[in-house]
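The values are calculated or read from the model by the stated rules, or taken from the named source; none is laboratory data. These figures come from a predicted structure and were not determined experimentally. Methodologically, a virtual Cβ is constructed for each residue, glycine included, from the backbone with ideal geometry; neighbour enumeration extends over all protein chains shown.
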Amino acid sequence: MTLPALPRRFHTITLGCKLNRFDSAAIEAELEGRGLRPAPSLSEADVVVVNTCTVTARADAEARRLLRRVRRENASCRLLVTGCYAELEPGTLAAVERVDGLFGNRDKARLPEILDRIGVPAREPASAPAGRGSDAPAGLRFGERGRAYLKVQEGCDLGCSYCVIPRARGRSRSVPADRVAEGLRGLIRAGYREVVLTGVNTGAWGRDLSPRGRLEELLRLLLDGLGPNRIRLNSLEPLTLTDGIVRLLAEDPRLAPHVQVPLQSGSDRILEAMGRNYRASAYLERVEKLRAAVPDAAIGADVIVGFPGETDDRFEETCRFLEASPLDYLHVFAWSPRAGTPAERMPGRPRAGETKARSERLRRFGEARSLRFRERFVGRTLDALALGDEPARGRARALTGNFIETTIEGARPAARQPLLVRIGRIEGNTTFGSAVGVPGWAQLPDALPVAGGPPAR
């Protein structure tokens, strides 16, 4: 009898949010701890991991198409499926294609057991990555990207009427400050010069701890020992963009001047139906305060189009609100009914054609705002971080602190290198610039994030 060969290579496909990217890195650390290495392509992998998203019906469909593609291109691999869609609809995914291991967000701690069962044996215990677990940062890698992701919070308590994420990820839970600091220290030691703090509702960090904490306190702790490196915030709900966070964004250049603040609608009637916890005027007050304090900051927003009850007049309210706002770019989503949510049962859905036309109108608006924002900086010098090359064009890319992805002409800096970039020109959606120096924050004395801070709670 010939025993099957032990798996040697893995390939991970991540759908959805930055939090999923972090979770995928934790899974990859487990696989590497078992002696597997990344495969050059999907077809060459012995183990394939698909980390799914379920924020919209389109995300669900994309996950199903992807599973079929995996089996077309690699019929013999061991296929593992996880993420939010796997949490909520495991039966649906299991029926799509042969799945060897299926586990939702709440079962990620069972990954070692699942790998043992499907024939991916552990090596000697001492060789396994230390601190495994969904929020454990030890051994995490993010390829050749210039940036890494660090989970500081999980789950959500907001209860928006359209959203299934609280069911998929549970109630809001904060990673204790000392563990966040430890994770940041590990990522910086691994060579990452920018770390994106991520969560489902990042601004809720600390509310569930005892004693309670605030995100701005965590940021001050991390910045205190950050050294010549940079932190970037993920999305912040409007009411969590506090005066304290605005002050930090204005004061410390190591905190990237970029915030995405979900709006969803500019109509108070629609915001109320969505179960959002603010009015449009409160949102505007928050982002205008940020613009006044940090004039060069990039401020983005998520907007949902086609929500039940969105009449022509209420959509026009959103358009007028956006025109008056200081927002620099938009992420536009067409609402889709999610099973089990209150919005699924709401009357007054716009016709599909109306939703499509409205979405296209807002996307054009967002593109125009993005272009206007980037044009402001032509001829100016901005701090940035080299991201690596564009293989197809043989060019290097950099991301400015205020979220302008720039194609570098001339000298090609190494990935993860802090830069000063002079913005030269804009051609369509591409911004071009040249590296002209090193930012001041990158010349600070080397340091590592503090290991202390508040004890684990």
Legend entry - Within the range 70-104, considering residues that are basic (Lys, Arg) and outside any helix (DSSP H, G or I), the one farthest from Ala343 (Cα to Cα): Arg78
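Against the definition (at pLDDT 95 or above, assigned by TED's automatic domain parsing to the domain that holds Ala343 and within 18 Å of Asn201 (Cβ to Cβ)), how does Arg291 come out, yes or no?
no
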Legend entry - Failed condition for Ala61, given (1) outside any loop (DSSP other than H, G, I, E, B); (2) closer than 27 Å to Val152 by Cβ; (3) among the small types (Gly, Ala, Ser): (2)
Inset, instruction - Looking only at the range 68-82, decide whether some residue is of a type outside the set (Ser, Thr, Tyr) and in contact with a Ser or Thr (Cβ under 6 Å, 6 or more places away or on another chain). - result: yes
Legend entry - Complete set of residues in the range 86-99 that are without any contact (Cβ under 8 Å) to a residue 60 or more places away in the chain and under 15 Å from Asn51 (Cβ atoms): Ala86, Glu89, Pro90, Leu93, Val99
Inset, instruction - Could you check, for the range 106-113, whether at least one of its residues is of a type in the set (A, V, I, L, M), part of a helix (DSSP H, G or I), modelled with pLDDT under 90 and not assigned by TED's automatic domain parsing to the domain that holds Ala190? - result: yes
Inset, instruction - Among the numbered conditions (1) in contact (Cβ under 8 Å) with a residue 60 or more places away in the chain; (2) touching a Gly at 6+ places or on another chain (Cβ under 8 Å), tell me where Asp296 comes up short. - result: (2)
Inset, instruction - Any residue in the range 161-178 that's among the charged types (D, E, K, R): show its pairings with residues that are part of a helix (DSSP H, G or I) at Cβ separation under 7 Å, as long as the two are six or more apart or on different chains. - result: Arg167/Leu88; Arg169/Cys84; Arg169/Asn105
Legend entry - Matching residues, the range 114-150, being at pLDDT below 65, more than 23 Å from the chain's Cα centre (by Cα) and over 27 Å from Arg171 (Cα atoms): Glu124, Pro125, Ala126, Ser127, Ala128, Pro129
Inset, instruction - Return yes when Val287 is under 23 Å from the mean Cα position of the chain (by Cα) and either in a helix (DSSP H, G or I) or without any contact (Cβ under 8 Å) to a residue 40 or more places away in the chain (or both) and no when it is not. - result: yes
Inset, instruction - Taking the options Ile245, Ile231, name whichever one is in a helix (DSSP H, G or I) and crowded, with 19+ Cβ neighbours inside 10 Å. - result: Ile245
Inset, instruction - Would you mind stating whether Arg314 is out of contact with any Ser or Thr (no Cβ under 8 Å at 6 or more places or on another chain) and assigned by TED's automatic domain parsing to the domain that holds Arg232? - result: no
Inset, instruction - Working carefully through the options Leu6, Leu67, find the one that is outside any loop (DSSP other than H, G, I, E, B) and either in contact (Cβ under 8 Å) with a residue 12 or more places away in the chain or crowded, with 21+ Cβ neighbours inside 10 Å (or both). - result: Leu67
Legend entry - Elements of type strands (runs of 3 or more DSSP E) in the range 359-445, at least 1 residues being without any contact (Cβ under 8 Å) to a residue 12 or more places away in the chain: 395-400, 418-427
Inset, instruction - Check Tyr278 against each of (1) more than 19 Å from Val332 (Cβ to Cβ); (2) aromatic (Phe, Trp, Tyr); (3) buried (at least 22 other Cβ atoms within 10 Å of the Cβ) and name the one condition it does not meet. - result: (3)
Inset, instruction - Would you point out the residue of the range 297-338, among those that are over 30 Å from Leu249 (Cα atoms), in contact with a strand residue (DSSP E or B) (Cβ under 6 Å, 6 or more places away or on another chain) and of a type in the set (Gly, Ala, Ser), that is surrounded by the fewest Cβ atoms within 10 Å (Cβ to Cβ)? - result: Ala334
Inset, instruction - Could you check, for the range 47-58, whether at least one of its residues is surrounded by fewer than 17 Cβ atoms within 10 Å (Cβ to Cβ), in the same structural domain as Asp100 (by TED's automatic domain parsing), small (Gly, Ala, Ser) and in contact (Cβ under 8 Å) with a residue 40 or more places away in the chain? - result: yes
Inset, instruction - Run down Arg345, Arg374 and say which single residue is within 17 Å of Ala301 (Cα to Cα), at pLDDT 95 or above and not aliphatic (A, V, I, L, M). - result: Arg374
